[in-house]
Structure formats: structure tokens, C-alpha cells
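Below you'll find the structure, written out as C-alpha cells, and then a few comments.
The numbers here are math on the coordinates, done by the rules we state, and not lab data. Only a predicted model underlies this, so the values are computations on that prediction, with no experimental measurement involved. Here Cβ is always computed from backbone atoms with ideal geometry, including for glycine, and neighbour counts include all displayed protein chains.
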Amino acid sequence: MFSSLARCASRGALQVLKGAGRCAPSPAAVPRFGHQTLAAAPLPAVGGGPGIRQARAQDRERLLQVEWDDGSCSLYPFTWLRDNCQCPRCTLQSAQARSLLLTDLDVHTGVDQVQITENNKVSITWPDQHSSEFEPDWLKKRCFSPEARQARQEELFLNERDFWDSGLQIPTLDFEEVLHDDKAALDWLMALRRVGIVYLKGAPLEQGQVARLSQRIGYLRLTFLRHTWQVQDKPMANNVAYTSGKLSLHTDYPALHHPPGVQFLHCLQQAQQGGESEAVDGFHMAELLRKDHPDAFNTLSSLRVDFTDTGSDYCDFSVQSKNHIIDVDSEGRVVRINYNNATRDSTLDLPLDQVQPFYSSLKSFVELMNQPENVFTYRMEPGDLVTFDNWRLLHGRKSYLSGSINLRHLEGAYLDWDEVMSRLRLLRKAVHGDGESLSS
């Protein structure tokens, strides 16, 4: 449905006696490059769920060992199993929320009996004679092996990304189709997560379309710029975007500790000359920096930089934040870029001997992202609506000639990734059913 693009990375009960058998050693760890998964353990296929060959308790280690029909093996801690009992006493079924209080959980519990039921569930009787039953598919998805944990996280969060440069073939869909067709909406959000930018064509030439599109997901993010905002050349502008000058590559709102995750921009009128949009894959640039200038990467991912923004719009504001230019998680995966030269504060809360290394590192990063081979340039026309990942993309704009007749006008809005990913999961369920993997 959307334009092709090159991937830069890859995608009655049977009594069971308690015993001391062990699982075979786990396979070698899956190789990774940066945050990109090169391989992943497959999740159970839809319909033909995993079958259990044998289940036994390892009392000494307090582990349940499950051997699957495919020959693989999983281990589950007793405490985790008791904590996640799915019975109506322990789980509020209407909300799928835990009712069992941690104060009532014996974190050193044993088991009295393990059974495989006639319908291939694992049944456990605990020392207090409480019983728990676990579906095989539920258990398989929650296996504690590194490969299974990685696959589950990919299913839930779509951490794999498709890197790109100036040659990007931007994914493009029809605006109205996204609004009214679940499959099109799912394609949109999947591409938004994987690629970071998606073009929607054919939006009506009137304000309110970004709000209308947001209702396909949930709700807009309110900021000091209001729920929606008008990008035009304005006198006494309270934002550099509200001028006709060149906008350097940036992310929006690093002056907030939790910047908006997703941005919409709808073109209502384009300048007769100039005003082309620019975008750079910030995650790709960060990985190139890590590879070619590791010291610069370490500096920008470890030092917190001050950002500030003051003014008046929805209300008066004076915001201040400290953010890494490159945010990484506990595994070293790049998860967010925070960079806006206009709102980088003159206050620089760094020891004197770190100031020059910081400037040198930031200069290397900015020069890298501004190399022509890394910048994707496009021109929005009236009716075009671009959606992009504000945590990943650095976006900019070429200067344009401003006039009273053809006044360039874009309407913008923000959303947060939590709401976007929530809708993506629900659409995935609606289109593919419960067991379908997000990586497909």
C-alpha cells in the first residue's frame, strides 16, 4: 500500500511427577548492531499454539521446567508463576489486572503438585492448596530465555528500525483511507514506527485535519502552543518556526523533559518559492557517530545539556530542561534525540574541562547530519500531511519568500508515543487477531 523502501537491517489431567531435570543450554545470544535486531526467536504461530510435552518442578532451584513439543525448553520461577496466577481471585478478569497483593505473596513459595491437563494447560497446586492454570501460548510468550524475551519486547514495542538517508522512498498513503480503513491505519502506524516518517495525501484544504487524524489514534498532546498550532510567518514571532527564514535541523521541544513523540504537519498553502522541508534519520546518524566518532557519541549520550524556552501562547511559559543530545537505554540502544539549536541554553552546566569536548562532539554530530547524502528533501503541497517521529527525526525547512497573497501555512499538532503505540496494538489485534506478531 505504501511505497517500497530498503530495509537497512534485516525481522482428564495427566499426572507429572516432580523431578530435578534441567533444560538444555540456551543457544548463543542473538547478534545485534546498535539497536537493530539481526535475528529473533519466532513467536508461536496463530492458531497452532505450542504443545507441552512435559512439565516438572525443580524444587531446589524453585523453577518450573516445561518441555515443548518442538524440543525446546523453558524455565519459570515459582514466585513469578504464583504472582501471575490467572484465576479470578488473583486477576481482575474484566481489566486483566493483578488483584493479588504483594503483601500476600510468598516470595519463597514451593509447589505441591504440577499437572498437565487434558486441554494441555499447566496446572499448579501451591502449598496453601490454591490452584493456578496457565495456557501454553501464554507461557511460551513469557519464556525467560534471552531470545524469547527479545522477541516479546519486539512484539510489544517494535524496537527494530529501518535506517535511511537522502534516497528514502517515503511511505505514502491516502488520508481518507487511513481514517476509515483499519488495515490502512495499521500500515500507517507500522511505517511510522519502523521508518519514522509517513506521508498522507489528499487531506481537505481546511484547518482541523490534524485533530481529525489524531482521533484515529486517541487524542492530541496539549503544549504551550495549544492542541494545534499554525506555522506561518508572523510578526513578533514567539518561535523561530513562525518566520520565513531557514530552520536548521532540530527536534521539537527538547526544553521539555518529555518531548512530544509524534508530530503532524498539514500543508494548507505553500510558498511560491522556497519552503522545502528537510528530514534526517537521527537514529541512523547517532549510529554512524558511534561507529566513526565513538568519543563524540559517548560525550553526547552522557552529558546533560540545558534547554530553555520562554514566551506566551496558550499561556505564558518559562520551561527549562536538562537532556542528553542522544538518549540511550540500559542496553545502549538509541531511543531519543534531543537537539534544537534555537532553544539550547546559554547556561551550560558542565565542568570547565568538559566544555570543549562537548562543543567538538556536537559539531561532529551536526556536520554528519547536514551532509547532503544524509538529508531527505521534499516539498509539501496543499493537501499533503506528513507524520513523523519527533524522538527520531531531525527536521528543518529551507527559507522562503513571504508575501501577503501566498502566505505559506501549515497546521501542526503533537501526540505521545504511548497513545500511538496503544492504537497500533489495538489495530494489530483488529486486523490480525491476538497472536499475530508485530514484526510481520
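Using a 7 Å offset from the Cα along the Cα-to-Cβ direction at both ARG142 and SER94, what is the distance between the two label points in nm, to one decimal?
Label-label distance for ARG142 and SER94, simple model: 2.3 nm.
Check the range 172-432 and count each lysine pair with an alpha-carbon distance under 23 angstrom, considering only pairs eight or more places apart or from different chains.
Number of lysine pairs found: 10.
In percent, what relative contact order does the range 307-440 have, based on Cα pairs under 8 Å that are 6 or more apart in sequence? Can you show the working numbers first?
On the way: 61 pairs, mean separation 18.7, N = 134.
With pairs under 8 Å counted, the relative contact order is 14 percent.
Which of the peptides 69-75, 420-426 is most tightly packed, and how do the rest follow, going by the mean number of other Cβ atoms within 10 Å of each residue? Show your work: numbers first, answer last.
Working: 69-75: 15.3, 420-426: 17.1.
Ranking, from highest mean packing down: 420-426, 69-75.
Provide the FRET efficiency to the nearest 0.05 for the PHE157-GLU373 pair, computing r from the beta carbons and using R0 = 22 Å. Each step should come with its number before you reach the end.
On the way: r = 30 Å, r/R0 = 1.36.
Working from the Cβ atoms, E equals 0.15.
Just to verify a number: FRET efficiency for LYS246 and SER360, C-beta to C-beta distance, R0 = 22 Å, to 0.05? Please list the in-between numbers first.
Values: r = 24 Å, r/R0 = 1.10.
That gives a FRET efficiency of 0.35.
Expressed in whole Å with the largest first, what are the equivalent ellipsoid semi-axes of the range 172-432 derived from the C-alpha gyration tensor as the square root of 5 times each eigenvalue? Write out the running numbers ahead of the final one.
On the way: eigenvalues 173, 105, 62 Å².
Equivalent ellipsoid semi-axes, largest first: 29, 23, 18 Å.
Taking the highest mean first, how do the peptides 98-107, 277-286, 342-351, 294-303 order by number of other beta carbon atoms within 10 angstrom per residue? Please list the in-between numbers first.
Numbers: 98-107: 11.2, 277-286: 24.4, 342-351: 13.1, 294-303: 18.5.
By packing density, highest mean first, the sequence is 277-286, 294-303, 342-351, 98-107.
Could you name the aspartates and glutamates whose alpha carbon sits less than 16 Å from that of LYS141, not counting residues in the same chain fewer than 8 places away?
GLU67, ASP69, ASP70, GLU133, GLU154, GLU155, ASP434, GLU436
Taking the convex hull of the Cα atoms, report for the range 283-440 its projected area averaged over all directions, in nm².
Numbers: hull surface 55.9 nm².
Projected area, direction-averaged: 14.0 nm².
Return the distance in nm (one decimal) between the two label points of a simple spin-label model at ASN120 and SER399, each offset 7 Å from Cα along Cα→Cβ.
Those two pseudo-labels are separated by 6.8 nm.
If we sort 309-316, 193-200 on the protection proxy, mean other Cβ atoms within 10 Å, highest first, what's the order? Can you show the working numbers first?
Numbers: 309-316: 12.4, 193-200: 23.1.
Per-residue Cβ counts within 10 Å, averaged per peptide and sorted highest first, yield 193-200, 309-316.
With a bin width of 5 angstrom, please list the P(r) values of the range 179-287 as percents of all Cα-Cα pairs, from the 0 bin to the one holding the largest distance.
Pair shares across the bins are 2, 8, 16, 22, 23, 17, 9, 2, 0.
Tell me the net charge near LEU189. Cut-off is 12 Å between Cβ atoms, LEU189 excluded, with +1 for each Lys or Arg and -1 for each Asp or Glu.
+3
Quick one: if the Förster radius is 51 Å, what FRET efficiency do ASP345 and GLN86 give, using the C-beta to C-beta distance and rounding to 0.05?
On the way: r = 51 Å, r/R0 = 0.99.
Efficiency computed from Cβ-Cβ geometry: 0.50.
Given a cut-off of 12 Å, what percent of all Cα-Cα pairs of the range 96-142 lie beyond it?
More than 12 Å apart: 69 percent of the Cα pairs in the range 96-142.
Can you work out the PRE-style zone for HIS108? Point 7 Å along Cα to Cβ, and I want the residues of the range 49-76 with backbone N under 15 Å.
Label zone hits: 60-62.
How many nm is it between the label spots at GLN269 and SER318, if each spot is 7 Å from the Cα in line with the beta carbon?
3.7 nm
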